[in-house]
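Below: the structure, in structure tokens.
Each reported figure results from applying straightforward, stated rules to the coordinates on display, with no laboratory input. Bear in mind that the values here come from a model prediction, so they are computed numbers and not experimental data. So basically every Cβ, Gly included, is an ideal-geometry build from the backbone, and we count neighbours across all protein chains shown.
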Amino acid sequence: METRGYAALIAKAPLQPYSFVRRDLRAGDIAFDIKYSGICHSDIHQAREEWGDSIFPMVPGHEIVGVVTAIGSAVTKFAIGDHVGVGVFIDSCRTCENCLSGQQQYCLDGMTGTYNGYERDGKTVAQGGYANKYVIDQDYAVLVPGNLELSGVAPLLCAGITLYSPLRHWKVGIGTKVGVIGLGGLGHMGVKFAAAMGAEVTVFSHSASKEVDAKRMGAKHFVVTKDAEIFEDLKESYDLILNTVSAELDINLYLGLLKLNGTLVVIGLPGKPYEVSAFNLLRLRRSLAGSMIGGLPELQEMLDFCAEKNILSDVEVINADYINEAYDRTVASDVKYRFVIDASTF
Ligand code: NAP
Ligand code: ZN
Ligand code: ZN
């Protein structure tokens with residue numbers, strides 16, 4: 001299938017128009033026209049080779065929504081015209097205990113990423129969603145409820161699920177005191193979800209200008225982290241803190257904000273390891289944890305939750321020729337709150 005998209009041809013080069021071929025429809029596949037593709041900070045990390053080896057040419061994009069145009073002979077889950085979403089992985093081993101329990105993101109054989117990796121044949125380079133067409137096995141796509149507006153849905157496929165999953169895992173509910181560090185693509189979804197689950201949400205931000213937006217999204221408190229005193233004033237106050245920041249932070253300052261049995265979840269992925277004080281963990285039996293996206297059943301659950309509560313991402317829709325500027329603005333924390341590419345402009 002002839003496909004038009006945008007690719008990075010080498011590390012750190014600006015992305016440029018790129019034509020390539022996707023596979024023909026197999027019996028269990030669906031094909032769809034991409035409508036919108038979100039720009040996740042992980043795309044930037046990988047296109048700029050900030051996490052080690054990347055594979056080029058690279059078509060990034062793992063927040064993909066579109067409309068089904070064709071189905072293979074064995075497809076039962078989708079019909080032509082359905083709204084469909086694809087997130088951070090497109091396959092997994094399907095047989096390990098984590099795949100069988102619907103947690104494909106933790107596949108013991110390694111999930112197959114949507115781009116910057118090889119498909120399970122070991123030789124086809126997977127190409128992502130900055131493109132106009134897509135083909136995927138029906139088992140690794142999710143149905144987008146018909147009432148949700150598609151541009152605001154695209155970021156749910158990574159940013160949304162990445163915050164929804166830890167909020168559910170750590171059983172956030174009415175009255176839970178939740179902190180979200182960083183009001184970017186991921187963070188703003190965390191605020192909306194935690195507030196919808198009944199939590200009392202505090203945003204920790206290094207951008208004072210985001211306070212009004214944070215409160216509109218459901219945060220009760222907004223803290224500017226440049227002010228060092230806040231770490232003393234708010235110590236031992238939170239049940240759960242989600243760190244979505246892509247830059248290096250002093251993690252010990254945030255551990256000090258946790259109550260007895262509180263948990264700090266690492267979600268953002270800076271290139272360097274954190275230094276962690278053991279004393280800070282022992283005191284008040286705190287946990288430092290990580291969390292990675294979410295599995296297919298949880299993705300579907302999140303989309304249904306969004307349809308019920310009317311939750312979407314706040315997006316800035318752009319044309320394909322604005323991708324490089326959007327990357328620079330994302331790195332500068334200047335995005336409200338996710339760039340989404342209109343796929344008709346590829
Ligand atoms: P983003 O839109 O750029 O948001 C990151 C936010 O971090 C910024 O908006 C900013 O918020 C804050 N920040 C940025 N630079 C900072 C600095 N120097 N000091 C303090 N705060 C800073 O990025 P994103 O797409 O949400 O992704 C965030 C991170 O999560 C990335 O590292 C990405 O690779 C990773 N990620 C992880 C998973 C997972 O499964 N765990 C999934 C997707 C992405 P304020 O302006 O409010 O401070
Ligand atoms: Zn992502
Ligand atoms: Zn598996």
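From the phi angles alone, apply the Karplus equation (6.51, -1.76, 1.60; θ = phi - 60°) to the range 75-81 and give each ³J(HN,Hα) in whole Hz, x where the residue is Gly or Pro.
3J(HN,Hα) across the range 75-81, in whole Hz: 6, 10, 8, 10, 10, 4, x.
Cα gyration tensor of the range 260-346, axes a ≥ b ≥ c as square roots of the eigenvalues: rounded (a/c below 1.5), prolate (a/b > b/c) or oblate?
Oblate, since a/c reaches 1.5 and b/c is not below a/b.
Peptides 96-105, 249-258: what's the order by average Cβ count within 10 Å, highest mean first?
Top to bottom by mean Cβ count within 10 Å: 249-258, 96-105.
Sequence gap at least 6, Cα distance under 8 Å: using those rules, report the relative contact order of the range 1-141 to the nearest whole percent.
29 percent.
Could you give each residue of the range 175-188 its phi-based ³J(HN,Hα) in whole Hz, using Karplus coefficients 6.51, -1.76, 1.60 with θ = phi - 60°, and x for Gly or Pro?
The phi angles translate into x, 4, 8, 10, x, 10, 9, x, 9, x, x, 6, x, 5 Hz.
Using the Cα gyration tensor of the range 96-145, with a ≥ b ≥ c the square roots of its eigenvalues, what is the shape: rounded (a/c below 1.5), prolate (a/b larger than b/c) or oblate (neither)?
It is oblate, given that a/c is not under 1.5 and a/b is not larger than b/c.
Which of rounded, prolate or oblate describes the range 160-290 when judged by the alpha-carbon gyration tensor and an a/c cut-off of 1.5?
rounded
Around VAL265, which amide H atoms from residues at least 5 apart in sequence, or from another chain, sit under 5 Å from its own amide H, with H modelled in the peptide plane?
Those lying under 5 Å, H to H, from VAL265 are ILE241, LEU242, ASN243, ALA289.
Along the charge dipole of the range 77-221, which of TYR118, SER207, VAL142 sits closest to the positive end, that is, farthest toward it, with unit charges on the beta carbon of Lys, Arg, Asp and Glu (+1, +1, -1, -1)?
Of TYR118, SER207, VAL142, it is SER207.
Skipping prolines and chain starts, which residues have an amide H placed within reach, meaning under 5 Å, of the one on TYR238, given they are 5 or more residues away or on another chain?
LEU258, LYS259
Taking the DSSP beta bridges in the chain as the whole, what percent of them are antiparallel, to the nearest 5?
55 percent
Please find, in a Gaussian network model of the chain (springs between Cα atoms separated by less than 10 Å), the residue of HIS41, HIS188, HIS221 whose mean-square fluctuation is greatest.
For the chain, modelled as a Gaussian network with Cα springs under 10 Å, the answer is HIS221.
In the range 134-284, with Lys and Arg counted as +1 and Asp and Glu as -1 at Cβ, which of these residues, GLY190, GLY173, LEU156, has the Cα nearest the positive end of the dipole, that is, farthest along it?
My answer, from the dipole projection, is GLY173.
Going by amide H atoms built from the backbone, whose H comes under 5 Å of the H on TYR134, apart from near neighbours?
Here the answer is PHE32, ILE34, since their amide H atoms fall under 5 Å of that of TYR134.
Residues in the range 241-258, backbone N under 14 Å from the label point at LEU281 (7 Å along the Cα-to-beta-carbon vector): list them, ranges by number please.
The answer is 251-252, 255-256.
How many nm is it between the label spots at LYS226 and ALA332, if each spot is 7 Å from the Cα in line with the beta carbon?
1.6 nm
Given the peptides 106-112, 232-238, arrange them by the average over their residues of other C-beta atoms within 10 Å, most packed first.
106-112, 232-238
With +1 on each Lys and Arg Cβ and -1 on each Asp and Glu Cβ, and nothing else charged, work out how big the dipole of the range 1-105 is about its Cα centre, in Debye to the nearest 20.
Charge dipole, the range 1-105, about its Cα centre: 180 debye, nearest 20.
Convert each backbone phi in the range 276-292 into a coupling constant with the Karplus relation 6.51 cos²θ - 1.76 cosθ + 1.60 (shift: θ = phi - 60°), then list the ³J(HN,Hα) values in order as whole Hz, x for Gly and Pro.
Calculated HN-Hα couplings, in order: 10, 7, 4, 4, 5, 7, 4, 5, 6, 6, 7, 10, 10, 10, x, 8, 10 Hz.
Would you mind putting 71-79, 132-140, 32-40 in packing order, based on average other-beta-carbon counts within 10 Å, highest first?
Result, highest mean first: 32-40, 132-140, 71-79.
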